[in-house]
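Worksheet: the structure to be examined is printed underneath.
The values are calculated or read from the model by the stated rules, or taken from the named source; none is laboratory data. No experiment lies behind these values; they were computed from the predicted model shown. Virtual Cβ from ideal backbone geometry, glycine too; neighbours counted across all protein chains shown. Side chains included, ligands, DNA and RNA excluded: accessible areas come from the protein's heavy atoms. Shrake-Rupley method; radii C 1.70, N 1.55, O 1.52, S 1.80 Å.
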Amino acid sequence: YNLPDPEAVFDLSYYRKNPQPFVELAKELWPGQEGGPRPTLAHSFVRLLDQKKCLLRCYTQNIDGLERLAGVSEDKLVECHGNFHSSSCTNPACRAEATNCKDDILDSKIPQCDKCGSV
C-alpha cells in the first residue's frame, strides 16, 4: 500500500486520501469471521470474572472486540481505542451512524456515508 509509515493506516487524514489499506486490515481483523481472531483463554477468564461478579471494569486498548465476543458484559467494557461494534461518518459536520460499514468492509469496499457520501 506504500504507507508513509505503519501508523498511517490508522490516521484519519491518510484514511481520507487512501482508505483501502484500513479497509483491508479491518477485513482481516473483523471479530467473529471464519478464520479470524478468536477469544483466548485470557478473554474467557475475564468473562468468568464478570459472571462471578468480580469484575468492575475491563479496559482494553485493542480494537479487535474479542472481549465482547467472549461474552464480557458491554457495561463492563471500556474500549479505549474504539471498536468494530459501531461506526460513524468521518465528516465532522455529518456524524451519521454508518449502517453499511461492516458489509462494505467484508466485501473489500470502501464504506461511504449514506447521508453525505463521505468515506
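Structure above, values below:
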{"read-out": "Unmet criterion (only one of (1) modelled with pLDDT under 95; (2) open to solvent by 100 Å² or more (accessible area, probe 1.4 Å)) for residue 64", "value": "(2)"}
{"read-out": "Selection from segment 5-35 of residues that are among the acidic types (Asp, Glu), farther than 17 Å from residue 105 by Cα and either part of a helix (DSSP H, G or I) or touching a Lys or Arg at 6+ places or on another chain (Cβ under 6 Å) (or both)", "value": "7"}
{"read-out": "Condition met for residue 25 (aliphatic (A, V, I, L, M), modelled with pLDDT under 95 and out of contact with any Cys (no Cβ under 7 Å at 6 or more places or on another chain))", "value": "yes"}
{"read-out": "Residue within segment 3-15 that is on the phi > 0 side of the Ramachandran plot and touching a Phe, Trp or Tyr at 6+ places or on another chain (Cβ under 7 Å) present", "value": "no"}
{"read-out": "Residues of segment 36-55 satisfying the condition of being open to solvent by less than 80 Å² (accessible area, probe 1.4 Å), of a type outside the set (A, V, I, L, M, F, W, C) and either in a loop (DSSP other than H, G, I, E, B) or on the phi > 0 side of the Ramachandran plot (or both)", "value": "36, 37, 39, 40"}
{"read-out": "First in segment 1-28 and farther than 24 Å from residue 66 by Cα and without any contact (Cβ under 8 Å) to a residue 12 or more places away in the chain, second anywhere and hydroxyl-bearing (Ser, Thr, Tyr) and surrounded by 12 or more Cβ atoms within 10 Å (Cβ to Cβ), Cβ under 9 Å, 6 or more apart", "value": "4/14"}
{"read-out": "Number of the condition not met by residue 108 [criteria: (1) on the phi > 0 side of the Ramachandran plot; (2) touching a Ser or Thr at 6+ places or on another chain (Cβ under 6 Å)]", "value": "(2)"}
{"read-out": "Test for residue 9: is it over 30 Å from residue 118 (Cβ atoms) and open to solvent by less than 40 Å² (accessible area, probe 1.4 Å)", "value": "no"}
